[in-house]
Each structure stands twice: as C-alpha cells, then as structure tokens.
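Shown next, in structure tokens, is the structure this report addresses.
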Amino acid sequence: MSQPTAAGDAAPATMRAVVVTRPGDLDALEIKDVPVPALRPGWVRIKVKAFGVNESEVTTRKGESDPEVTYPRVPGIECVGMIDQAPEDSGLRTGQQVATMMGSMGRSFDGSYAQYVTVPVTQVIPFETSLPWEVVGALPEMFQTAYGSLTTGLGLRAGQTLLIRGGTSTVGLSAATIAKDLGATVLSSTRSPKRVAELRAVGVDHPLVDDGTIADQVRELMPDGVDSALELVGCSVLADTLRTVRRHGTVCFTGALAGQWTIPDFTPFMIPGGVRLTAYAGEAADLPAEVFRHQLQAIADGRLKAPVAKVYRGLEQVRAAQADVESGTTPGKHVVVLDD
C-alpha cells in the first residue's frame with residue numbers, strides 16, 4: 001500500500017491533470033499537461049497524493065452543475081497530500097500532511113484531479129498519520145459532511161437514537177460509524193435487502209429496508225420516535241422521514257440521492273407539530289483538525305471503518321472511477337491514488 005511520505009523536490013513547471021473542456025460523457029475527461037498552479041496570497045499549494053471521486057464531479061463533467069462551474073475545469077472537490085508551498089504566516093510547513101475539500105474547489109477554480117492543487121489556507125486541515133493514502137483519501141468530504149450533519153445539523157449526543165435515511169451512501173455509512181463512536185443507537189435504511197449486511201458491518205443497530213415509507217417500521221422499534229434523523233434521500237421521502245421523529249426531535253436535510261431537491265406546493269404545516277427541520281451544507285472549517293485526527297486514530301485503532309469501495313492508481317483510472325460512481329453498484333468511496 002502507498003504510505004504517506006515526505007514532500008519531494010520543488011514543483012515542476014507543468015503537471016498532468018484531468019481537464020473537462022466541455023461537458024460530456026466519460027470521454028470529456030481528458031488528461032493534459034498544464035501549468036502547475038502558481039501560489040497566490042492567502043493560498044497554499046498541495047502535492048496531491050489521493051482524492052475521492054464524488055457524484056458532484058460526475059455532475060460537473062456532464063454540465064449539470066450550477067452556473068458557478070465554468071469550463072475548462074479540472075474537477076475534484078477534495079484531496080489529501082502534502083504541502084508543497086505555503087505562506088510563511090500560514091502555520092503550515094513543506095511536506096506536512098493535509099486534507100482539503102469543498103470551498104468551490106473543482107467548481108469555480110481548478111480542483112484535485114491533478115498532481116498539484118492550490119486552495120485557500122482556510123480550507124486546509126493538517127494531520128499526521130501512518131494510514132495509507134488510499135484510506136485517508138476516502139475521508140475528507142465524506143467525514144466533513146457526516147460529522148457536520150450529526151453535530152451542526154442535529155446536535156447528536158451519546159445515548160440518543162438516530163435514523164439515517166439513505167444509509168448505504170458514503171455519507172450514510174460514515175455517519176453510522178461516527179454516530180456509534182459518539183454513543184448513539186443507529187437505525188439506517190437501504191432500498192435493497194441484499195445490502196442489510198453492509199449496514200450491520202459498520203455497526204448499525206437496526207437496519208431497515210426502505211420501500212418508500214419507513215415511518216411505521218421506525219415507530220415499531222421506537223414508539224415515541226427517534227431523537228434525530230439524517231435525510232440523505234431527499235424531498236421525495238422527507239414527509240415520511242419527518243414522521244419518524246419524536247416531538248422536539250430534529251430532521252437534518254443534507255442530501256438528495258433520489259434527485260429531488262424541492263417539494264411542490266410545500267407548506268410548513270407538513271412538518272409534524274414540535275418536530276424541527278434543519279439543513280446542512282458545510283465547508284472544511286466544519287471539520288476541526290482535532291476531530292479529523294480523532295477519526296484517523298479511531299480508524300487506525302479499528303473503532304471506525306473507512307468505507308472504501310475501490311482504489312484506482314493514476315489519473316488514467318479517473319474515467320473508470322467516475323463510471324463506477326455513476327453506476328452506483330459498489331457501496332463506499334472510490335479513491336484515486338497518485339503514486340510518485
């Protein structure tokens with residue numbers, strides 16, 4: 001396995017990157033030689049060692065993102081690697097292991113499908129670990145979204161009950177492991193009976209098969225309702241998810257795996273009395289460095305599991321990785337590793 005190592009020599013003048021010059025199918029992902037991005041004030045340059053491949057990057061490649069995304073564009077909303085260059089007052093040093101994610105990376109400025117990437121200092125998370133890059137590379141966006149949803153979105157505490165709607169997604173699997181580490185009892189849903197074992201494998205206490213409505217199943221287990229629910233499927237099932245939560249409990253809307261982001265003819269009266277509805281869409285700052293370090297140590301100790309679906313070697317495998325993400329047949333995170 002590829003292990004974290006110290007940074008090498010100074011960056012060359014050019015690098016290899018995956019570039020989308022125009023929206024399209026997988027052929028739109030072209031490997032090109034491009035200039036290494038220059039450092040700008042308040043930014044750092046990272047030598048990329050691994051990055052996760054996400055559904056949002058498939059959307060960018062297809063041209064289905066919001067107007068923030070312009071072309072040509074190097075996709076990639078997250079990565080892990082080592083500091084190649086940083087401002088003296090940043091507190092970061094050359095060769096330091098770091099993670100970065102979100103903040104318009106791969107959208108309004110070039111992202112991580114490359115040998116080097118530049119990002120604002122504010123979206124860099126330093127860490128130290130001996131875990132292999134293919135494991136660490138699966139974590140930043142996935143853990144940030146899961147952790148932020150459970151803490152900022154839900155305020156989940158030890159001893160509480162949590163429903164995860166969309167449990168076999170990467171965020172759903174991560175949320176289950178983090179929630180168990182926090183001391184919660186976890187219910188989690190899947191549409192396929194064949195995937196119940198995947199939920200049990202990450203510590204889910206009560207796997208549920210979702211046929212479009214699960215409120216009755218949840219109430220059989222928790223007659224008063226769960227304390228919190230994490231909505232990852234979307235607006236098509238939100239009304240049903242709201243019915244699973246106890247009075248003064250909370251539903252956090254974080255994702256829309258089913259593709260529906262709005263509710264036609266929405267009325268606030270669809271929310272059951274006393275149930276709170278919130279949302280989460282955070283950034284790197286929502287995953288504090290000390291929390292990320294705790295999660296890395298928990299993985300090293302075997303208390304948390306990184307749901308890695310498949311590892312790909314080199315930029316040449318990005319098309320295959322996006323094809324696998326788009327097919328949705330393999331649960332977990334798809335990670336591309338760039339070896340020296």
**Message:** Conditions first: (1) out of contact with any strand residue (DSSP E or B) (no Cβ under 7 Å at 6 or more places or on another chain); (2) farther than 24 Å from Q144 by Cβ; (3) open to solvent by less than 30 Å² (accessible area, probe 1.4 Å). P23 passes all but one, so which condition is the exception?
**Reply:** (3)
**Prompt:** Can you name every residue in the stretch 63-94 that is in a loop (DSSP other than H, G, I, E, B), within 15 Å of V48 (Cα to Cα) and out of contact with any Gly (no Cβ under 9 Å at 6 or more places or on another chain)?
**Reply:** A86, T94
**Asked** Looking at the stretch 140-172, which of its residues are open to solvent by 10 Å² or more (accessible area, probe 1.4 Å), in a helix (DSSP H, G or I) and over 13 Å from A281 (Cα atoms)?
**Response** T170
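For the stretch 178-229, what are the residues that are part of a helix (DSSP H, G or I), open to solvent by less than 40 Å² (accessible area, probe 1.4 Å) and either free of Cβ contacts under 8 Å to residues at least 12 places away in the same chain or in contact with a helix residue (DSSP H, G or I) (Cβ under 8 Å, 6 or more places away or on another chain) (or both)?
Here is the first cut: in the stretch 178-229, the ones part of a helix (DSSP H, G or I) are 178-182, 193-201, 215-221.
Those left that are additionally open to solvent by less than 40 Å² (accessible area, probe 1.4 Å): 178-179, 196, 199, 215, 218.
I178, A179, L199, A215, listed by residue number.
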**Prompt:** In this structure, does E134 turn out to be within 17 Å of K47 (Cα to Cα), assigned to a helix (DSSP H, G or I) and charged (D, E, K, R)?
**Reply:** yes
**Asked** Residue check: is G234 farther than 27 Å from P331 by Cβ, in contact (Cβ under 8 Å) with a residue 12 or more places away in the chain and open to solvent by less than 70 Å² (accessible area, probe 1.4 Å)?
**Response** no
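Just to check your reading of the model, which residue among R73, R93 is without any contact (Cβ under 8 Å) to a residue 60 or more places away in the chain and either touching a Leu at 6+ places or on another chain (Cβ under 9 Å) or surrounded by fewer than 18 Cβ atoms within 10 Å (Cβ to Cβ) (or both)? It would help to see each step written out before you state the result.
Numbers: R73 fails: either touching a Leu at 6+ places or on another chain (Cβ under 9 Å) or surrounded by fewer than 18 Cβ atoms within 10 Å (Cβ to Cβ) (or both).
Going through R73, R93 in turn, just one is without any contact (Cβ under 8 Å) to a residue 60 or more places away in the chain and either touching a Leu at 6+ places or on another chain (Cβ under 9 Å) or surrounded by fewer than 18 Cβ atoms within 10 Å (Cβ to Cβ) (or both): R93.
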**Item:** Those residues of the stretch 268-306 which are more than 18 Å from the chain's Cα centre (by Cα) and either under 16 Å from T100 (Cβ atoms) or in a loop (DSSP other than H, G, I, E, B) (or both), in sequence order
**Value:** I271, P272, G273, G274, V275, G302, R303
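Restricting attention to the stretch 247-267, does a residue exist that is in contact with a strand residue (DSSP E or B) (Cβ under 8 Å, 6 or more places away or on another chain), in a helix (DSSP H, G or I), crowded, with 21+ Cβ neighbours inside 10 Å and modelled with pLDDT under 90? Break it down stepwise before answering.
Pass one, the stretch 247-267, residues in contact with a strand residue (DSSP E or B) (Cβ under 8 Å, 6 or more places away or on another chain): 248-255.
Subsequent filtering for residues that are in a helix (DSSP H, G or I) retains none.
Within the stretch 247-267, none of the residues are in contact with a strand residue (DSSP E or B) (Cβ under 8 Å, 6 or more places away or on another chain), in a helix (DSSP H, G or I), crowded, with 21+ Cβ neighbours inside 10 Å and modelled with pLDDT under 90.
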**Message:** Need pairs with beta-carbon distance below 6 Å; first residue modelled with pLDDT of 95 or more and within the stretch 21-34, second surrounded by fewer than 16 Cβ atoms within 10 Å (Cβ to Cβ) and of a type outside the set (A, V, I, L, M); sequence gap 6+ or separate chains.
**Reply:** D33/T14
**Message:** Can you tell me which residue is modelled with the highest pLDDT among those in the stretch 112-134 that are open to solvent by 30 Å² or more (accessible area, probe 1.4 Å) and of a type outside the set (G, A, S)?
**Reply:** Q115
**Prompt:** What is the one condition in (1) farther than 25 Å from F51 by Cβ; (2) surrounded by 14 or more Cβ atoms within 10 Å (Cβ to Cβ) that A284 does not satisfy?
**Reply:** (1)
**Request:** Give me the pairs, please: first residue somewhere in the stretch 102-130 and over 19 Å from V53 (Cα atoms) and part of a loop (DSSP other than H, G, I, E, B), second residue anywhere and among the basic types (K, R) and open to solvent by 30 Å² or more (accessible area, probe 1.4 Å), beta-carbon distance under 9 Å, and either six or more positions apart or on two chains.
**Result:** F127/R293; E128/R293; T129/R293
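The values are calculated or read from the model by the stated rules, or taken from the named source; none is laboratory data. Predicted, not measured: the structure shown is a model, and the values here were computed from it. All Cβ positions, glycine included, derive from the backbone under ideal geometry; neighbour counts span all protein chains shown. Quick note on the areas: whole protein, heavy atoms, side chains included, nothing else; ligands and nucleic acids left out. Shrake-Rupley method; radii C 1.70, N 1.55, O 1.52, S 1.80 Å.
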